[in-house]
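What follows is a short report on a single structure.
The values are calculated or read from the model by the stated rules, or taken from the named source; none is laboratory data. The structure displayed is predicted, hence computed values, not measured ones. Don't worry about glycine lacking a Cβ; one is built from the backbone with ideal geometry, like all the others, and counts go over all protein chains shown.
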Amino acid sequence: MKYILRKATEKDFVAIHNLIHELAVFEKASGQHSNSVQQMIEEQAYFNAFVVENQEGEIIAMALYFIAYFTWVGKSLYLDDLYVKKEFRGEGIGKMLIDKIFEIAKKENCKRLRWQVLDWNTPAIDFYEKLGAKLDAGWINCDFSYDKIRN
């Protein structure tokens, strides 16, 4: 089956938002998903994304990333989410997306490419380890929600 990988545009935000929701459900965190299409439109200067379409033109996968700065290494690419719809997994789509992310990191002269994976997501962990990624279990996420920031 042929797939098309392309840079996402604002017209893709509804489909991307739907994929983000699917990802939140998959990660058992649907109650924590508060982003909206309107918010994505307003904040689109802060992220980039690639999408993959199937032959029918349906967006079936995405990789959303942004450029970050890490004090230890400098300019870096942070892959916030890579998601492939369940029925399309195992067909090389994730590899196609991660290859594109590597291409962007090289083009942008990034010193690091970073992302996170849940410790129970063994298919993703296996995929990333096959790529040669270094997984570091020593770090713990520290997050503050919008409400906590404001208070």
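Would you check if there is a residue in the range 130-149 being more than 25 Å from Y46 (Cα to Cα) and basic (K, R)?
yes
Every residue in the range 112-130 that is farther than 13 Å from L82 by Cβ and touching a residue at least 40 places away in the same chain (Cβ under 8 Å), please.
R112 - this is the single residue of the range 112-130 that is farther than 13 Å from L82 by Cβ and touching a residue at least 40 places away in the same chain (Cβ under 8 Å).
Identify all residues within the range 23-55 that are among the acidic types (D, E) and either in contact with a Leu (Cβ under 6 Å, 6 or more places away or on another chain) or modelled with pLDDT under 95 (or both); write none if there are none.
Correct list: E27 only.
Just give me the residues in the range 1-25 being closer than 15 Å to L118 by Cα and either surrounded by 14 or more Cβ atoms within 10 Å (Cβ to Cβ) or among the acidic types (D, E) (or both), in sequence order.
Taking the range 1-25 first, the residues closer than 15 Å to L118 by Cα are 23-25.
Of everything in the range 1-25, those that are closer than 15 Å to L118 by Cα and either surrounded by 14 or more Cβ atoms within 10 Å (Cβ to Cβ) or among the acidic types (D, E) (or both) turn out to be L23, A24.
Give all pairs with beta carbons closer than 7 Å in which a residue from the range 31-46 that is closer than 16 Å to D80 by Cα meets a residue that is among the aliphatic types (A, V, I, L, M) and at pLDDT 95 or above; count only pairs at least 6 apart in sequence or on separate chains.
Filtered contacts from the range 31-46: H33/I20; N35/I20.
With respect to Q32, is the statement that it is out of contact with any strand residue (DSSP E or B) (no Cβ under 9 Å at 6 or more places or on another chain) and over 25 Å from W120 (Cβ atoms) true? Quick ask: steps written out before the conclusion?
On the way: out of contact with any strand residue (DSSP E or B) (no Cβ under 9 Å at 6 or more places or on another chain): yes; over 25 Å from W120 (Cβ atoms): no.
So Q32 fails the test.
Sort through L82, L5, L97 and tell me the only one that's in contact (Cβ under 8 Å) with a residue 40 or more places away in the chain, among the aliphatic types (A, V, I, L, M) and closer than 21 Å to N121 by Cα. Spell out how you get there, then give the answer.
Details: L82 fails: in contact (Cβ under 8 Å) with a residue 40 or more places away in the chain; L5 fails: closer than 21 Å to N121 by Cα.
Going through L82, L5, L97 in turn, the sole match is L97.
So which strands (runs of 3 or more DSSP E) are wholly in the range 37-151 and hold at least 1 residues that are touching a Ser or Thr at 6+ places or on another chain (Cβ under 8 Å), surrounded by 11 or more Cβ atoms within 10 Å (Cβ to Cβ) and charged (D, E, K, R)?
112-114
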